[in-house]
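Below is one structure, written out as structure tokens; comments come after it.
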Amino acid sequence: MMNEAQRRLIDDLQARYIRAIDDDRIEDWPGLFTEQCLYRIITRENLDAGMLLPLMECRGQGMLADRITGLRKINVYEPHRYTHQQSGLVVESFDGTTAVCRSSYLVVRTMGNGAMSIFSTGVYLDKIELSATGAKFIERIVVQDSRTVGTLLVIPL
Amino acid sequence: MGENVSQLKWPDEGVTRAPYRVLADPEIYAEEQRKIFRGPTWHYLCLDAELPEAGSYRTTYIGETPVIVTRDKDGAIHGLVNRCSHKGALVCVDAGGKKNQLTCLYHAWSFNLQGDLVGVPFHKGVNGQGGMPETFEYANHGLEKLRVESYCGLVFGTFSHHVEPLEQYIGPAMTAHMRRVFHKPVEVIGYYHQTLDNNWKLYMENSRDPYHATILHAFYATFKLNRLTMDGGITIEHDGWNTMNFSIGASLKEGGEYEKAGLRNVVEDVGLAGPELLHRTQEFEDGITVAIQSIFPTCVNQQIYNTLAIRQLTPQGPNKCELHWTVFGYKDDTPELRQMRLMQANLIGPAGYVSIDDGVIGEYVQRGVGGTGVDASAVMEMGGSAVESARGSRATEATLRGFWTGYRALMGL
Ligand code: FES
Ligand SMILES: [Fe+2]
């Protein structure tokens, strides 16, 4: 059973994840993961068909950092911001060190020219490592409900 | 030149120009549906591998027309318009699956896998009243049928009774490349879908354009995955309707011209903190590492290192289209190779390090051409004005001129 302090660590990790992305402090994002982490964005269409083709997949913090290099230095896209809404977070299991969590997310994307859209909705499937010093994502699988991406996906969800 | 409701006059320079009006005019768009998508062209529908058994079906589009592809009990593949012959509802509403017959949800008219009408509920009426008249012939009310042919496990359909057979339409230089990729059984490993706020032709131009590839896509150049200084070329077929551009990774030319020119070899790891992303293997003996083949009007056969995919574009109005990627490997992939393909998928699709840039560039053009006068046109003079194959140089727009050659022929412009 998880105590209140541990639950607060999880909530804090979730909130800092959103702040890193929505406040354009993406450089803080890899530090929320463990060294050997897995981050994957996949559509419900592929997952339900048993196909693991990712929209984005990072294995280890290095690949998280490379996605930042990509969006800061390499890729061409129209500047835009996200605003996340997250709800319904449930801790499905906890063995004393690893918590398995599930929550819903919604991302509104606002483009440089002011155009706003609901860009992505879905669930976060998390494995979170809890230690005395804090919480980190061992794994975050983002399962997007829609099979379609509007224009492009460059900022992590 | 044929009738031309849009009254558009093509510039005198020919296919080195493309009037911007064809990117936004709703009348021209409507004409394209008729003259191109329902005209003498072949359209990619699905892979044979996606119809594994009797009763397997997939849904797709030719232009804006919804289409069902089925495999019947004898193994034959059928293309049907996904529009109930009763009142026009979609007959199949999902992406695919398996059914013994196709039944419309609205009034439950049912069709066999060949598209023939086999059931009309209450066709004899109820309690002796109502029902269909004696004159109603089931045989006249099947689903609209397409002509369907397969090549190398790629299933194509057409509304035309006149277009040449598929293999001839694709052409010998293009079919040779298809045989190269589809030389053994494939297996779908996933799909991507991407909506683009631009005219369909902008994406088709982009996919054919070797000039932009190593300029716009900084990931290619930064990580030396594709550069114009590599050996490569373009192949033109069917007057340019069908084209391919390809490059040969310098890793295969060790000790060759590439090194002698003092250029750096393809080194996967430069600047990547997670270099495993680019772990790759040479699958094809010809050494081609990036090959983008475009079959007029809207099919692309893509190899980017170990990512293999068919891209199909479906127009959704003058300013909108959706790109569908069917990503595949081979049935006999080792677990390591399959994992490599899944990891390299980070290069492609709506979030791909390489293809992200293509998502926005068509929109920038679409917005850029807004408000232009009737005479403004794109300029495509890279490599001259010819529409010819070239080995070595990819600093050319011949492949785009080929696209417009096909476009003009069909549109009578
Ligand atoms: S519309 Fe299909 S059965 Fe009536
Ligand atoms: Fe491109």
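Kindly compute the accessible surface that chains B and A hide from a 1.4 Å probe when together, both sides summed, and give it to the nearest 100 Å². Walk me through the numbers on the way to the answer.
Working: alone 17740 and 8310 Å², together 23030 Å².
Summing both sides, the interface buries roughly 3000 Å².
Helix B:172-181 and the longest principal axis of the Cα set of chain B meet at an angle near 90°. Give me the log10 of I(q) over I(0) for the protein assembly as shown at q = 0.13 Å⁻¹, as the Debye formula computes it from C-alpha points; what are the numbers? After summing over all Cα pairs, the log10 values are -1.39. Note on region B:102-236: Kirkwood radius taken over Cα pairs, Stokes-Einstein applied at 10 °C and 1.306 mPa s, translational D equal to 77 µm² s⁻¹.
Largest to smallest in accessible area, the residues B:158, B:195, B:334 fall in the order B:334, B:195, B:158 (1.4 Å probe, all protein chains included).
Both radii are taken from the alpha-carbon atoms of region B:43-150; with Rh as the Kirkwood radius, Rg/Rh is 1.01.
Using Cα-Cα distances under 8 Å and only pairs 6 or more residues apart, what relative contact order does chain A have, in percent?
Numbers: 292 pairs, mean separation 39.5, N = 157.
So the answer I get is 25 percent.
Electrostatic tally near residue B:232: other residues with Cβ closer than 11 Å to its Cβ, Lys and Arg +1, Asp and Glu -1, net +2. In chain A, the longest principal axis of the Cα atoms and the axis of helix A:4-22 are about 10 degrees apart. With the helix formula -39500 (n - 2.57) applied to DSSP H stretches of n ≥ 4, the protein assembly as shown reaches a computed 222 nm mean residue ellipticity of -6000 deg cm²/dmol.
Other chains' Cβ within 10 Å of B:217-228 residues: what's the mean?
Details: counts 3, 5, 5, 1, 1, 4, 1, 0, 0, 0, 0, 0.
Partner-chain Cβ atoms within 10 Å, mean over residues of B:217-228: 2.
For region B:11-143, the fraction of 1.4 Å probe accessible surface lying on carbon and sulfur atoms is 50 percent.
Residues with beta-carbon under 12 Å from that of residue B:92, excluding residue B:92: net charge, scoring Lys, Arg +1 and Asp, Glu -1? Don't skip to the end; give the middle numbers.
Numbers: positive: B:58, B:83, B:98, B:99; negative: B:94.
Local charge sum for residue B:92: +3.
Ordering A:13, A:118, A:61 by Cα displacement along the dipole of region A:4-144 toward the positive end leaves A:118 in first place; charges were set at the Cβ atoms of Lys, Arg (+1) and Asp, Glu (-1). Solvent-accessible area per residue in the protein assembly as shown equals 40 Å², computed with a 1.4 angstrom probe and all protein chains kept. Of the residues B:201, B:331, A:127, the one with the largest accessible area comes first in the ranking B:331, A:127, B:201, computed with a 1.4 Å probe on protein heavy atoms. Restricting the calculation to Cα atoms, region B:43-102 yields a radius of gyration followed by a Dmax of 10.9, 32 Å.
Using just the Cα positions, wrap region A:74-157 in a convex hull and report its mean projected area in square nanometres, one decimal place.
Details: hull surface 27.9 nm².
Quarter of the Cα hull surface area: 7.0 nm².
As a ratio to 2.2 N^0.38 Å, the alpha-carbon radius of gyration for region B:322-385 is 1.73. Using only the alpha-carbon atoms, how far is helix B:356-368 inclined from the longest principal axis of chain B? Give it as 0 to 90 degrees, nearest 10. Approximately 80 degrees, to the nearest 10. Using every pair of separate Cα atoms, the Kirkwood estimate puts the hydrodynamic radius of chain A at 16.1 angstrom. Averaging 1/r over each pair of different alpha-carbon atoms in region B:173-411 and inverting the result gives 18.5 Å, the Kirkwood hydrodynamic radius.
I'd like the distance between the alpha-carbon centres of region B:23-76 and region A:57-116, rounded to an integer number of Å. For region B:23-76 versus region A:57-116, the Cα centre distance is 36 Å.
Computed with the Debye formula from one identical point scatterer per Cα of chain B, without solvent, the log10 of I(q)/I(0) at q = 0.06, 0.07, 0.08, 0.12 Å⁻¹ comes to -0.27, -0.37, -0.47, -1.00. Roll a 1.4 angstrom probe over the protein heavy atoms and tell me the percent of accessible area of region A:1-139 that is carbon or sulfur. Carbon and sulfur: 52 percent of the exposed surface of region A:1-139. Which of the residues in region A:50-65 show a loss of at least 10 Å² in accessible area from their chain by itself to the complete set of protein chains, at a probe of 1.4 Å? Those residues are A:51, A:52, A:53, A:54, A:55, A:57, A:59, A:62, A:63.
The values are calculated or read from the model by the stated rules, or taken from the named source; none is laboratory data. Note that this is a predicted model, so its numbers are computed, not measured. Positions of Cβ are backbone-derived with ideal geometry, glycine not excepted, and every protein chain shown enters the neighbour counts. The protein model used for the area step is the full one, side chains on, heavy atoms only, and it has no ligands, DNA or RNA in it. Shrake-Rupley method; radii C 1.70, N 1.55, O 1.52, S 1.80 Å.
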